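The values are calculated or read from the model by the stated rules, or taken from the named source; none is laboratory data. Remember, it's a predicted structure, so these values are computed and weren't measured experimentally. Cβ: placed from backbone, ideal geometry, glycine included. Neighbour counts: every protein chain shown.
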Amino acid sequence: MSGVSQGHRSVKELVDRYARQRLLPFLGEEGQKRLEQSAILVVGCGATGSHIASLAARVGVGRIVLVDRDIVELHNLPRQVLFEEEDVLRERPKALALRDRIRSINSSVEVEAYVGEFHPGNGEELCRGVQLIFDGTDNFQTRFLINELGLKLRLPWVYMGVISTVGHVMPILPFKGPCLRCYLSEEPRAGELETCDTVGVWAGAVSLVSAIGFTEGVRILLGDSPSFRGLFTFDIWSFQWRVLGLKRDRECLNCGRGEYRYLGPRGSWAEVERVCGENVVCVRLGVFSYLELMERLKRCGEVKEGEYFFKFRSEEGREFTIFSDGRVLVFGTQDFQKARSWCARYIGL
Ligand SMILES: [Zn+2]
């Protein structure tokens, strides 16, 4: 791409784009070059993912790979950057909308977009050639997959999460520090955690998580160590923060014992299937807490209890039937990715 032109000149011939950041002692000429030679993978292009992609493009990270399974929706706009109302009206996939915006912000950045789910079958391929993964996902199944891939491929990654006004950031260096499973030995069970669709999320918390996560990622790309070891947690509204010091757990399933749950021939991944002849998709939850889920959903919509199942209708009108054996019927779609995405939003995957 030749870039934006002004008169007969391309933008590359104008003033030095990076002059202000090159003055920073930790960056300089060499650091800037290193960023331009770096490649990152952003898994999930929602709130944190879109912020990370925006920052990476602006500071000149050379190659950015974007993965996302969702379409831009109106309720994303308060906290997901670079998306516009037009993207909502055109029902654009987030990865593609973000790719196009990034190209117009910095035409010297190479950007690739993959529309779909990040899963055990394509994870390794999507990581090819990158030096760092940013977690922009909204679910722990994908985060634990990233954790396993990070260990297998010796790829550092940055875990980020935001809910309500609370944020978490954890830079993870495979085998050199604690991994996600050293912190959480088991995946939170489906239904156990609140989600942004049940308790809300504050845009300022997203920006802060992204700024910290991105800066830690850049430290790693520049060959520095992260500025903290463990989990950084804050509540931007009450202005409280702390670093939870963590150490590698020698008994950790992933980095201690070398066992993987999602990678490999016996890897597990929540199964999804279409329900024959209906506008319904059946999603199978992994570990599952039926009663806790029902109690939690009662607070954010209408719940009707049946025998071994209950029906849930969200305030937006999305309908689900949840069975005690872990099956969830998602109404109103035949699209696997949409069904998984709605499940992740209300039920947690
Ligand atoms: Zn570990």
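For this structure, a couple of remarks:
- Note on segment 169-226: enclosed helices (runs of 4 or more DSSP H) holding 1 or more residues that are away from the ligand (no atom under 16 Å from the Cβ) are 196-199, 203-221.
- Here GLY161 fits the description: closer than 25 Å to LEU41 by Cβ and either surrounded by 15 or more Cβ atoms within 10 Å (Cβ to Cβ) or within 16 Å of the ligand (Cβ to nearest atom) (or both).
- Residue check for VAL42: surrounded by 18 or more Cβ atoms within 10 Å (Cβ to Cβ), away from the ligand (no atom under 16 Å from the Cβ) and not in a loop (DSSP other than H, G, I, E, B): yes
- Tabulated pairs, segment 160-185, first without any contact (Cβ under 8 Å) to a residue 24 or more places away in the chain, second more than 9 Å from the ligand (Cβ to nearest atom) and assigned to a loop (DSSP other than H, G, I, E, B), C-beta under 9 angstrom, 6+ apart or interchain: LYS176/PRO156; LYS176/SER225
- Listed here are the strands (runs of 3 or more DSSP E) enclosed by segment 62-157 that have at least 1 residues being within 16 Å of the ligand (Cβ to nearest atom) and assigned by TED's automatic domain parsing to the domain that holds VAL209: 132-135.
For (1) surrounded by 19 or more Cβ atoms within 10 Å (Cβ to Cβ); (2) of a type in the set (A, V, I, L, M, F, W, C); (3) in contact (Cβ under 8 Å) with a residue 60 or more places away in the chain, each residue gets a yes or a no:
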position	(1), (2), (3)
PRO25	no, no, no
ARG34	no, no, yes
GLY49	yes, no, yes
VAL65	yes, yes, yes
ARG69	yes, no, yes
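- Within the set CYS179, CYS196, CYS255, the sole residue that is farther than 30 Å from VAL81 by Cα and buried (at least 16 other Cβ atoms within 10 Å of the Cβ) turns out to be CYS255.
- Restricting attention to segment 321-349, the residues being in contact with a Lys or Arg (Cβ under 8 Å, 6 or more places away or on another chain), more than 26 Å from ARG92 (Cβ to Cβ) and not aliphatic (A, V, I, L, M) number 3.
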